[in-house]
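The values are calculated or read from the model by the stated rules, or taken from the named source; none is laboratory data. All values reported here derive from a predicted model rather than from experimental measurement. Cβ placement follows ideal geometry from the backbone for every residue including glycine, while neighbour counts extend to all protein chains displayed.
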Amino acid sequence: MKLAYYPGCSLKGTSFEYEVSLLKILEVLNMEIKEIPDWNCCGASAAHSINHNLSVALPARNLAIAEKDGYESVLAPCAACSNRLKNADYELKNDDILKKKITDSLEMPYNAEMSINNMLEFLIGVVGKDKIKSMVKKPLSGIKVASYYGCLLVRPPKVMQFDDPENPVTMDELVALTGAEPVDYSFKTECCGAINSLSKPDVVMALTGNILYDIKKNGADLVVVACPLCHSNLDVRQREIERKYDEKLGLPVLFITELLGLSFGIDPKDLAIDGHMVAADRVLKKIKELTNQQ
Amino acid sequence: MKTVINEQNRRNFAAQVESMLHDKLAKCYQCGKCSAGCPVNFEMDYTPNQIIKMTELGMEDKVLSSKTIWLCVSCNTCSTRCPKGFEVTGIMDVLREIAEKKGIVSKVEKEVQMFHEVFLDNVKSNGRIFELELVGKYKLKTRHLFRDMFLAPKMLEKGKLKMHGEKIAGLNQIAKIFKDFE
Amino acid sequence: MARIGVFVCWCGSNIAGTVDVEKVREEAAKIPGVVSALDYKYMCSDPGQNSLRNIIKEKNLTGIVLAACSPHMHENTFRKAAAKEGLNPYFVEIANIREQVSWVHEDKERATAKAVDLMKMMVEKVKRDRPIEDVRVPLNKKALVIGGGISGIQAALDIANGGVEVLLVEKEPSIGGRMIQLDETFPTLDCSSCIMTPKMVEANQHPNIKLYTYSEVEDISGYIGNFKIKIKKKARSVVEKDCTGCGECWNACPMHKNVKSEFNVNLSERTAIYVPFPQAVPLVPVLDRSVCLHYKKGGKCQKCFDACGPKCIDFSLQDEIIEETVGAIVASTGYDLMDTSMYGEYGYGKYKDVISGLQFERLLSASGPTEGVIKRPSDGKTPQTIVFVQCVGSRDPEKGVPYCSKVCCMYTAKHAKLFAHKVHGSQSYVFYIDIRSTSKGYEEFVRGTMEQDGAIYLRGRVSKIYEDEGKLIVKGADTLSGNQVEIAADMVVLATGVIPKKGSDKLAQMLGISYDKYGFFTESHPKLRPAESSTAGIFLAGMAQGPRDIPESVVSGSAAASKILGLFSKNEYEVEGTIANVNEATCVACFYCQRVCAYNAISKKEIKDRSGKLIKVVANVNPGLCTGCGACVNACFSKSIDVKGFMDDQIYAEIKALAV
Amino acid sequence: MEDKDVRKENHTDSKIAGDGSADPRIIAFVCNWCTYSGADLAGTSRMKYSDNVRVIKLPCTGRIDPLFIVEAFKKGAKGVLVSGCHPGDCHYTSGNYHSRRKYATFRDLLGYLGVDLDRVEFSWVSASEGNKWVSIINEFTDKIKSLPGKSTDIFTKK
């Protein structure tokens, strides 16, 4: 199956670690993905917030290009991008008038038959648990990992069609494959404040703080995410949150691809783990010690 | 607090929202589950269920200039849990779009609105987001020049902020999309 | 040759004022086949009826038409009069020239013309009438009650007290249903088991009631007066007549850790051989073979057998099929609670201290797992703060059902009240959307829960419940103050919505009664025939029809019983003869008629020759079930089925009589 | 008085012509339980309505064979009304659904036969709706009167 790759803007910018680690593990897994040529921004929250048609048209251009190039399936590692692509696809499937309007504007047809995968769907559905398990060279046993899903992977369920919207387990299953111990906590799908990071930093810090302290309380060593937006709120804002609430967190926030990479025995540097704001040194050291013992 | 209902205005506004939303306002029976689960409710001036009721009653000015519609982060918790399957998140999008088209600027939450506008400008001129430019323009516009500036050096050091943006080849297509739908 | 008499009634000036009755009579006399035409001031009066009878006799009439008031008024009067002269009562037709002519039109000439038309139609119809005999169905005066909850027990007792034999079939090992699981009842707070147990015992000891517990109705055929039923009596592994209910067996059973008690809604364990609760009726244990070590480990364990004094445990007992014939049936199968684990946001099933309303009843009950002391399932501590959430599953078309479960508002108020009574200084919070407290004393009861017992009511739903440091954090809304509310509770009780008993749809299909999309049985008429099902002889009671409270369930049980006693007060059930009739010679056995029949009245009949060889299969109308609606007539492609009294040729003749 | 004369005139005209639209014959097939009782109620309430209608009573609209409608037109009716219990209220549980479903498929056939479909009307009149019966009859009669034509126009295809 030919697989198209829609990186989205974040993976080329603030969350470059996500792309680096993804490409690295795919290299190890011996799998290939092809970037959609000349892709454009999906419009993110801004488009659907103030211009509905734009929020469908922008993603549709990418899907139409992928379709034209003969792809049936696309991977969008960014949860926000996959959410927007799925939303556009859903609307185009269910609203013929809108579809005509959009395809007329794009001057490209789109049949709305693309299978759109978020990172977790890709790992479980396309790569497969067995293959991942077989690649685990350095099991991370003894490391406690909290999976944070956020909003965009699971909601709205009728469009996302992914996992249980209240108690998702896919990322925890992936964590378990690496040998690490999944940590249960209450705020797996609570919102981190997402796009309002820049415009309402106080709100975002309150929401993100709730999540991080709950994770900490439940004894996690680190957090994994599959969304650049979640990552920047949980990682970039963490020092500020610690200062605001005057309580240390020290929770490294890794992308799920990085955690898998570590268990595959890939050098943390190759996974760009040093690109995060919260240093993962302590956990990496712990992992090194553990794997040395094995 | 008092509202005099003008039947014609009420109908017009409710009908406009319903047609954009593809959903019926009367579906909502005001159980409040949306407001109960909303992560940003604590900052809002009206709770989401109040916004729905006010829309139904035609309280256009209050709704369109509310903080609530701009504080909503579209996390979809409300829609997901709504027992009536009402598009609560959807109505926020619709109200924002109407406010934006009418040029109503939220007095209190203008920053969120500006962020969206700057963001789309960035997409329009590059096809993709050039984060440094986005942040810069946003800061100029809001004049919050120094907010979050302490993050910049470390982000630069980590390689998170690229100094050059890319423009996509099909910019003319993007321009057409914006022309058609703006 | 038809000899028709036409009688035109003046109804004083009611008809004669607007219709030229003489003209109608004259026109009637001109119609071929009409041998007598008469007009009279009041046909329904005794002299009127007498002249009618005399003319039938004198002129040897084969049919009569009355141009008079609506058939809904006096059709029966004239039919009876005709029958007295030996004329088949169905040879009487009415032309409605009062309600549908003289009272609604003003122009005398035109009204008269219309009256003549209607009279002509009826003359043509009566010419084609065939004699119809009312159908008499013999009644087996025995009743079956399916479901031994409060409504079923009430129905059974009332029928039995009326001197009729009753079979009471209950699926569970004991009768008592849901009511015996409840602690106290709203709005009087009398103890449920105190008022229920005597009724259960009475049902068990009543000479006219035969109890089949741990039994299910397996098959039903036939019709009113003559239902053939098969009851499967599941193997109890205990010989009932010898058992004393002493309890030695269940005390000896080694399986006392792993099996959850259904009666206590999973809040305690039961043994493999068990009675569901101490006051069970009959007090005879059941051996649950799916968990019993004897069956699992090849007969090794027989500790109960060894402990049993009267030696009444028999591992070899088999299911038994009992066949009976009854004349009427009460379907009172009750309800289940919705499974609320689908609400991931509430954490039912994940957090031990998030429980259902019925579980809270068991915690309140003196015979429950905590002997009536309210304790948290997680750590056994007494909760100080309880949050009650109403409308969980109810009024929720997305995840649950759109209807209101009716009892939750009241039982939640009761729970909050009892909690306040049992745990002093405690606090309850109730999240509600609307409070429905519409019966006698209900509103006062709810107000009392707030005003005297201090429960805080918040108008809004709960969005999420999660655990934090031993507390359950409840995130809800109070829409009246416009606030998001967070409450740290020790326990959360979900007022779970009700749904029909599992399998009630299958039973309805077996009974041939209609049910709605949720599986609740539908009544024959929602207002005027609420106790009757769509099928004659089958009556409904209790929650199987839809959400209702205890008094309503009792009333409905009694209503069903009184309907049956009324039915059984005669020896035969009389059905109007205007029912469907199959022409077996032309029937092609497509059975489209069967598909459209709402009453299951059409069955397949085999026609055999003398040697017993099958010649053909045809449709057959069951007179006990047919209502004569005529839907089958329309469905029939070969024109082989017709409804007596409304035959095709009659209707075509009526149309022809109106030809312009 | 003058009015009366006019109507008389119409009446005689139609008798002579036999196909005028001034005094059309309308046949109503109604169910015994709802509509027939509703029509009776109009009578007991002494409401007045057009006298062009002739009611044929059946147990249920489910009994109404679509061919009755054809036959009615063949015998000179200018309009046919079918009326029964409201959906969900059928005395026989589902007869009115059968009739509605049957008519939905039969309608095309009627059209094919050349029946002007404006001349056939379906309605629900309950036993309590005497006033509805009156307005349906009056409106339907007016409608039929307003339709152009002679009896031959009912079967437009010959």
Practice task
For residue B:135, indicate whether it is crowded, with 23+ Cβ neighbours inside 10 Å and more than 14 Å from chain C (Cβ to nearest Cβ).
Solution key: no
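Table: residues versus (1) modelled with pLDDT under 95; (2) more than 9 Å from every other protein chain (Cβ to nearest Cβ); (3) touching a strand residue (DSSP E or B) at 6+ places or on another chain (Cβ under 7 Å).
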residue	(1), (2), (3)
A:3	yes, yes, yes
A:15	yes, no, no
A:45	yes, no, no
A:49	yes, no, no
A:55	no, no, no
A:59	no, yes, no
A:70	yes, yes, no
Practice task
Could you pull out the residue among A:40, A:87 that is within 12 Å of chain B (Cβ to nearest Cβ) and over 17 Å from the mean Cα position of the chain (by Cα)?
Solution key: A:40
Problem - Matching option when the condition is buried (at least 21 other Cβ atoms within 10 Å of the Cβ), in contact with a helix residue (DSSP H, G or I) (Cβ under 8 Å, 6 or more places away or on another chain) and assigned by TED's automatic domain parsing to the domain that holds residue B:133, among B:119, B:13, B:86 - result: B:119
Fill in the blank from the handout: Of the residues in segment A:163-191, those that are farther than 12 Å from residue A:256 by Cβ and among the hydroxyl-bearing types (Ser, Thr, Tyr) number 3
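Looking for something over 26 Å from residue C:203 (Cβ atoms) and among the β-branched types (Val, Ile, Thr) - is there at least one such residue anywhere in segment C:587-598?
Yes - at least one qualifying residue is present in segment C:587-598.
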Practice task
Scan segment C:314-323 and give yes if some residue there is surrounded by 22 or more Cβ atoms within 10 Å (Cβ to Cβ) and farther than 30 Å from residue C:156 by Cα, otherwise no.
Solution key: no
Fill in the blank from the handout: If we keep only residues of segment C:252-278 that are over 14 Å from residue C:370 (Cβ atoms) and small (Gly, Ala, Ser), then the residue farthest from the chain's Cα centre (by Cα) is C:252
Practice task
With respect to residue C:126, determine if the residue is in contact (Cβ under 8 Å) with a residue 24 or more places away in the chain, out of contact with any strand residue (DSSP E or B) (no Cβ under 7 Å at 6 or more places or on another chain), within 14 Å of chain D (Cβ to nearest Cβ) and buried (at least 24 other Cβ atoms within 10 Å of the Cβ).
Solution key: no
Handout entry: Conditions (1) surrounded by fewer than 23 Cβ atoms within 10 Å (Cβ to Cβ); (2) basic (Lys, Arg); (3) assigned to a helix (DSSP H, G or I): number failed by residue C:417
Key = (1)
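Does segment C:620-636 contain at least one residue that is within 11 Å of chain D (Cβ to nearest Cβ) and of a type in the set (Val, Ile, Thr)? Before you say what the answer is, go through the steps one by one.
In the first step, residues of segment C:620-636 are kept if they are within 11 Å of chain D (Cβ to nearest Cβ); the result is C:626-636.
Among the residues that remain, those that are also of a type in the set (Val, Ile, Thr) are: C:627, C:633.
Yes: one or more hits.
Among the residues of segment C:84-108, which ones are part of a helix (DSSP H, G or I) and more than 7 Å from every other protein chain (Cβ to nearest Cβ)?
C:84, C:89, C:90, C:91, C:101, C:102, C:108
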Exercise for the section: Provide a single number: the residues in segment B:1-34 that are more than 24 Å from residue B:102 (Cβ to Cβ), in a helix (DSSP H, G or I) and without any contact (Cβ under 8 Å) to a residue 40 or more places away in the chain. Expected result: 1
Problem - Unique match (being buried (at least 21 other Cβ atoms within 10 Å of the Cβ) and more than 23 Å from residue A:191 (Cβ to Cβ)) among A:229, A:222, A:254, A:262 - result: A:262
Practice task
For residues that are in contact (Cβ under 8 Å) with a residue 24 or more places away in the chain and more than 8 Å from chain B (Cβ to nearest Cβ), scanning just segment A:194-212, find the one that is nearest to residue B:119 (Cα to Cα).
Solution key: A:197
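So, restricting to helices (runs of 4 or more DSSP H) that lie completely within segment C:1-76, which ones have at least 2 residues that are under 17 Å from residue C:657 (Cα atoms)? Break it down into steps so the answer makes sense when it comes.
On the way: elements: C:13-16, C:21-30, C:46-59.
Output list reads C:21-30.
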Practice task
Scan segment C:605-620 and give yes if some residue there is in a helix (DSSP H, G or I) and free of Cβ contacts under 8 Å to residues at least 40 places away in the same chain, otherwise no.
Solution key: no
Fill in the blank from the handout: Going through segment B:20-52 in order, the residues found to be closer than 28 Å to residue A:91 by Cα and surrounded by fewer than 17 Cβ atoms within 10 Å (Cβ to Cβ) are B:20, B:22, B:24, B:26, B:27, B:29
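For residue B:140, indicate whether it is in a helix (DSSP H, G or I) and either at pLDDT below 90 or touching a Leu at 6+ places or on another chain (Cβ under 6 Å) (or both).
Yes.
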Practice task
Please work out if residue C:478 is at pLDDT below 95, among the charged types (D, E, K, R) and more than 17 Å from residue C:383 (Cβ to Cβ).
Solution key: no
Practice task
Identify the residue in segment C:90-123 that is buried (at least 19 other Cβ atoms within 10 Å of the Cβ) and without any contact (Cβ under 8 Å) to a residue 12 or more places away in the chain and, among all such residues, is nearest to residue C:28 (Cα to Cα).
Solution key: C:113
Completion exercise
Residue count, segment C:314-323, condition closer than 30 Å to residue C:562 by Cβ and either in contact with a Phe, Trp or Tyr (Cβ under 9 Å, 6 or more places away or on another chain) or modelled with pLDDT under 95 (or both), comes to 1
Completion exercise
Among residues of segment C:130-182 being closer than 13 Å to residue C:332 by Cβ and basic (Lys, Arg), the residue surrounded by the most Cβ atoms within 10 Å (Cβ to Cβ) is C:178
